[in-house]
Number of protein chains: 2
Amino acid sequence: MLNQLTQLDKAFQALADPTRRAMVERLARGPVSVSDLARPLDMSLPAVMQHLAVLESSGLVQSRKVGRVRTCQINPEALSAAEQWINQRRIEWEHRLDRLGQYLETLKTEGEKK
Amino acid sequence: MLNQLTQLDKAFQALADPTRRAMVERLARGPVSVSDLARPLDMSLPAVMQHLAVLESSGLVQSRKVGRVRTCQINPEALSAAEQWINQRRIEWEHRLDRLGQYLETLKTEGEKK
DNA sequence: GCGATACTAAAGCACATGCTTAACCAATTG
DNA sequence: CAATTGGTTAAGCATGTGCTTTAGTATCGC
């Protein structure tokens with residue numbers, strides 16, 4: 001719960017870039033090699049490598065090299081950590097609205113008693 | 001679905017900063033004025049204003065000024081847009097694993113027939 | 001072994017980000 | 001109306017980000 005905050009920083013920052021989101025979208029359909037990952041992207045291979053490094057250091061993606069080809073995979077756990085942070089804020093907000101609604105309802109019925 | 005990509009960039013980028021996440025956490029518990037929002041944060045008011053500007057341009061937060069006090073509120077729609085993007089990638093990945101599992105299961109029963 | 005393939009490492013550069021301080025304005029409050 | 005409170009603007013600066021190019025180093029297929 002301590003260093004995890006830093007992991008959230010990294011996860012959201014990784015997802016903030018459209019190129020990296022495109023990479024994640026591709027990886028969600030299955031593991032791919034670096035050069036396959038790079039093929040549809042309009043930039044140099046080193047640039048893609050740098051994006052991959054960001055994704056890996058955020059924990060969103062893992063990769064391992066076999067022979068000369070590095071294969072990348074999504075890590076759903078890191079993905080759901082980010083998802084849950086957002087989810088909790090939304091839930092919290094909605095509960096607040098519920099309580100507010102109940103309160104207003106109380107005021108209303110109190111008013112009717114008079 | 002077109003400009004929304006840019007909105008996703010902004011939403012994730014907004015959430016990538018721990019100060020801004022702290023602000024969102026505070027706002028999830030209810031609307032607050034700018035100076036109340038700033039109070040627990042260890043930085044100048046202008047710095048907080050700049051973070052607020054980022055949150056607003058991402059659509060995650062809305063604010064309006066009455067008299068001399070600006071009150072900030074969370075916008076759950078923008079929050080859930082980001083949440084859903086992540087969710088879809090995770091779902092996609094899990095479905096892939098399901099299909100893979102079924103395929104392996106098929107291979108297994110095929111093998112048993114022999 | 002030898003060329004092609006698949007990455008990797010390093011340096012450099014333009015632009016964005018996250019602060020700061022120093023004014024400044026506009027509603028309240030006494 | 002003067003002082004305070006709550007917010008805003010602008011400028012400046014250190015550091016970070018997203019590329020590029022150039023120059024490698026390991027495999028792989030013949």
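The values are calculated or read from the model by the stated rules, or taken from the named source; none is laboratory data. Everything quoted here is computed from the prediction, not taken from an experiment. Cβ placement follows ideal geometry from the backbone for every residue including glycine, while neighbour counts extend to all protein chains displayed. Keep in mind that these areas ignore ligands, DNA and RNA; they rest on the heavy atoms of the full protein, side chains included. Shrake-Rupley method; radii C 1.70, N 1.55, O 1.52, S 1.80 Å.
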Which of the residues that make up the stretch B:54-78 are in contact (Cβ under 8 Å) with a residue 40 or more places away in the chain and hydrophobic (A, V, I, L, M, F, W, C)?
B:54, B:55, B:60, B:72, B:74, B:78
From A:49, A:43, grab the single residue that is open to solvent by 50 Å² or more (accessible area, probe 1.4 Å), without any contact (Cβ under 8 Å) to a residue 24 or more places away in the chain and farther than 30 Å from residue B:72 by Cα.
A:49
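Considering each of B:36, B:98, B:9, B:42 in turn, give the residue that is more than 16 Å from DNA strand C (Cβ to nearest atom) and acidic (Asp, Glu).
Values: B:36 fails: more than 16 Å from DNA strand C (Cβ to nearest atom); B:9 fails: more than 16 Å from DNA strand C (Cβ to nearest atom); B:42 fails: more than 16 Å from DNA strand C (Cβ to nearest atom).
Among B:36, B:98, B:9, B:42, only B:98 is more than 16 Å from DNA strand C (Cβ to nearest atom) and acidic (Asp, Glu).
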For the stretch B:74-95, which positions are of a type outside the set (A, V, I, L, M, F, W, C) and assigned to a helix (DSSP H, G or I)?
B:76, B:77, B:80, B:83, B:84, B:87, B:88, B:89, B:90, B:92, B:94, B:95
Residues that are open to solvent by less than 40 Å² (accessible area, probe 1.4 Å) and within 13 Å of DNA strand D (Cβ to nearest atom), drawn from the stretch B:64-101
B:72
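Looking only at helices (runs of 4 or more DSSP H) that fall completely inside the stretch A:1-68, which ones have 2 or more residues that are away from chain B (no Cβ under 11 Å)?
Output list reads A:3-15, A:34-38, A:45-57.
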Single residue of the stretch A:53-63 satisfying the filter (away from DNA strand D (no atom under 11 Å from the Cβ) and touching a Cys at 6+ places or on another chain (Cβ under 9 Å)) that is least open to solvent (accessible area, probe 1.4 Å):
A:61
Odd one out for residue A:104 among (1) of a type in the set (A, V, I, L, M, F, W, C); (2) assigned to a loop (DSSP other than H, G, I, E, B); (3) loosely packed, with under 11 Cβ neighbours inside 10 Å
(2)
Return the pairs, sorted by first residue and then second, in which the second residue is more than 13 Å from DNA strand C (Cβ to nearest atom) and not polar (S, T, N, Q), the first residue lies in the stretch A:1-30 and is at pLDDT below 95, the beta carbons are less than 8 Å apart, and the residues are 6+ apart or on different chains.
A:4/A:81; A:7/A:59; A:7/A:78; A:7/A:81
